[in-house]
Amino acid sequence: AATLLLSRCLLKMVKGNIVVPEEILSFCCNGLQGSTSPPRAREPEEREEVPGAMANPSPSRNPTEVQMSQLVLPCHTNHRGELSTGQLLKWIDTAACLSAERHAGCPCVTASMDDMYFEHTISVGQVVNIKAKVNRAFNSSMEVGIQVSYEDLCSGKHCSICKAYATFVAQGPPGSKVKLKPLTPQTEEEKIEHSIAAERRRMRLVHKDTLKDLLTRSPRETELETRDGSVAVPAEKTRVESVELVLPPHANHQGNTFGGQIMAWMENVATIAASRLCHAHPTLRAIEMFHFRGPSQVGDRLVLKAIVNNAFKNSMEVGVCAEAYGQEMSVSRRHINSAFMTFVVLDEDGQPRSLPMVAPEPGEGERRYREASARKKIRLDRKYVVSCKQTEVPLSVPWDQSNKVYLSYNNVSALKTLVAKTNWTLAREKEKVRMYTLEEDKFLSFRIEMSVRIAASQAFSLLSDLRRRHEWDRHYVSAELVQQVDDDDMIYHVVSQTLSHENKPQDFVILASRRKPCSKGDPYVVAFRSVTLPTHPASAGFTRGETLCSGFCIWPESEETSKVAYYNQATPGYLNYVTTNVAGLSSNFCATFEACEKFLLKNKEDLIVRLQDL
């Protein structure tokens with residue numbers, strides 16, 4: 001921290017043509033290396049706020065939080081004076097690993113890294129600030145959230161670079177597994193990340209299946225893209241192979257190669273492959289979600305292979321593979337990792353240039369070509385649905401097989417985000433029913449809750465079937481199951497009694513996503529959101545309605561009692577009605593929820609009998 005402060009002063013002195021003593025410059029050159037160690041405690045009278053620096057640690061800060069600040073030196077940059085993405089990946093992995101080990105209390109290794117989108121480049125002389133903390137601990141693995149930003153020391157400007165999620169696995173003695181202690185979130189932000197971490201974990205597990213499913217439905221024949229006046233470059237000309245010897249500086253305290261170091265080597269060969277296609281200096285824009293398949297140790301030889309899989313109009317995908325072997329060449333190589341990186345070539349105005357086409361090799365090359373197109377479709381869906389802020393996601397997103405996983409994720413995570421909000425206001429309490437409101441941005445949200453003498457699993461089973469909702473909710477006329485996506489996701493066509501301003505009944509196409517608790521303390525979740533289906537377009541007899549975020553959360557209070565809460569986020573078009581009918585609306589909600597309680601109590605005995613029969 002002291003070195004960063006001194007560097008700020010030096011930059012201002014140089015900018016003002018002030019002569020800097022050689023001894024000070026020597027100290028800075030030798031001392032300006034980032035540190036992940038927490039700052040040494042000082043007496044209160046010595047503390048001072050440094051503009052632009054990371055906040056001083058506070059007693060309430062997450063104990064797993066690690067902050068790293070690195071000054072970008074010429075040795076960290078490429079020919080353009082911009083921070084090498086490989087170097088940034090090493091810093092990210094180091095900070096995340098230290099955070100994971102703070103929670104685990106034992107050595108940890110990188111298991112996977114989610115998609116990373118790099119929004120800006122970082123120049124020499126700027127500071128990279130990295131903050132990492134554990135979002136949630138599962139059995140022997142944990143999710144670490146990483147935020148990366150840069151700071152310009154002269155202007156004081158701060159800018160976000162990327163946000164990433166990494167999975168780390170705790171390593172105990174050989175042959176034993178480490179059982180991680182649960183993490184208790186404190187702040188609203190931590191509660192949201194803790195809750196949604198289970199959804200992100202679920203999405204990682206089905207990532208490969210999503211790609212296979214999309215490829216199964218796509219044409220087997222490889223159709224090459226055609227562009228006017230463009231000659232296709234054989235993919236074989238972009239192939240790169242390089243070998244690296246793993247030395248002690250490349251490994252952690254266990255002797256395993258740093259995941260960040262492997263990522264940096266992979267980024268290096270991928271950049272070379274991309275350059276061979278475009279004959280220019282490409283910029284890395286995104287890294288696909290990838291998994292480490294196994295460790296490598298000091299003394300291993302890492303063979304890194306890269307090739308351009310496909311080139312689109314303004315971007316290209318490069319596939320990279322890392323394999324390891326020891327001194328004995330006769331021993332088969334171990335597959336360590338595979339990754340897919342997206343590059344662009346920027347013109348003088350910073351806009352992506354058009355790229356030449358790629359002619360894939362027959363067989364394996366054509367397979368990689370098709371898979372690259374499928375990954376681009378998935379990547380756009382994921383960025384469109386998952387990466388957007390809740391206020392930026394359209395009310396009704398078109399549903400298809402390629403984005404079903406991400407729509408389900410967005411559906412559940414939006415409800416969990418609403419549940420984790422802390423500034424709810426009690427609007428009405430009538431006997432056992434309590435109604436809360438939350439005003440935020442352009443949305444007005446409602447929460448109605450009560451305790452019911454029914455097991456949480458039984459309430460979950462009854463409330464997750466929209467076909468029975470008309471039995472207790474007088475606003476529902478009918479709900480038809482249109483598509484059973486899987487065991488946890490269903491699409492319904494719902495007809496409501498509510499009349500629109502056109503004096504027509506409303507209908508909805510709703511995705512219902514349900515989740516059982518991931519661990520103790522988690523609620524049962526049933527989330528609803530609008531989607532569009534080609535088979536069910538809007539019809540003249542109805543006014544098509546939309547719901548952004550609603551659903552149930554059910555917490556077990558005992559074996560026979562549950563807390564049932566219903567959430568609804570009103571869209572802007574609904575606000576005028578709400579503001580003029582607050583009293584009537586709250587009474588309506590309470591009456592409907594009381595009817596819901598009677599429905600649950602009436603049907604729980606029948607449900608027990610059916611479950612016993614099964």
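Heavy-atom accessible surface of the stretch 63-193, averaged per residue, reaches 39 Å², computed with a 1.4 Å probe.
For ILE336, the shell of other residues with beta-carbons less than 13 Å away shows a net charge of +2, using +1 for Lys and Arg and -1 for Asp and Glu.
Amide H contacts for GLN297 (H built 1.01 Å from N in the peptide plane; partners 5 or more residues away or on another chain; cut-off under 5 Å): THR257. Can you give me the % of accessible surface on the stretch 63-193 that is carbon or sulfur? Probe 1.4 Å, all protein chains present, nothing else counted. The C+S portion of the solvent-accessible surface of the stretch 63-193 is 53 percent. Measuring nothing but protein heavy atoms, the accessible surface of the stretch 390-613 at 1.4 Å probe radius is 49 percent carbon and sulfur. Within the shell of other residues whose beta carbon sits under 10 angstrom from the beta carbon of LYS191, the net charge comes to -2, with Lys and Arg scored +1 and Asp and Glu -1. Near ALA251, the amide H atoms lying under 5 Å from its own belong to PHE258; only residues 5 or more places off or on other chains count, and H is placed 1.01 Å from N.
Counting only other residues whose beta carbon sits under 9 Å from that of PRO182, what net charge do I get with K and R as +1, D and E as -1? Residues close to PRO182 contribute a combined charge of +3.
Per-residue 3J(HN,Hα) values for the stretch 400-417, derived from phi via the Karplus relation 6.51 cos²θ - 1.76 cosθ + 1.60 with θ = phi - 60°, read 8, 4, 6, 10, 4, 5, 7, 5, 5, 4, 5, 4, 6, 5, 5, 5, 5, 5 Hz in sequence order (x marks Gly and Pro). Counting protein heavy atoms only, the stretch 231-388 has 52 percent of its accessible area on carbon and sulfur, 1.4 angstrom probe. Each principal axis of the Cα cloud of the stretch 231-388 was evaluated for its coordinate range; sorted largest first, these ranges are 44, 37, 30 Å. Summarising the amide proton neighbourhood of SER478: residues at separation of 5 or more, or on other chains, whose placed amide H is nearer than 5 Å comprise VAL495.
Our coupling estimate for the stretch 298-304, obtained by passing each phi through the Karplus curve with A = 6.51, B = -1.76, C = 1.60 and θ = phi - 60°, is 4, x, 5, 9, 9, 9, 10 Hz, Gly and Pro reported as x.
Packing here is the average count of other Cβ atoms within 10 Å per residue, and on that basis the peptides 298-304, 403-409, highest first, run 403-409, 298-304.
Measuring against 20 Å, Cα to Cα, the residue pairs LYS516/LYS604; LYS404/LYS604; LYS131/LYS163; LYS208/LYS520 contain LYS404/LYS604; LYS208/LYS520 as the ones spanning a longer distance. The residues of the stretch 231-388 expose, per residue, 44 Å² of accessible area to a 1.4 Å probe. Model label points for GLU361 and LEU601, set 7 angstrom from Cα along the Cα-to-Cβ axis, are 7.2 nm apart. Over the stretch 422-581, accessible surface divided per residue gives 48 Å², non-protein components excluded, 1.4 Å probe.
The values are calculated or read from the model by the stated rules, or taken from the named source; none is laboratory data. Every value quoted in this text rests on a predicted model; they were computed, and no experiment measured them. A quick note on method: Cβ atoms are made from the backbone with ideal geometry, for glycine too, and the neighbour counts reach across all protein chains shown. Calculation scope for accessible area: heavy atoms of the full protein, side chains included, ligands and nucleic acids excluded. Shrake-Rupley method; radii C 1.70, N 1.55, O 1.52, S 1.80 Å.
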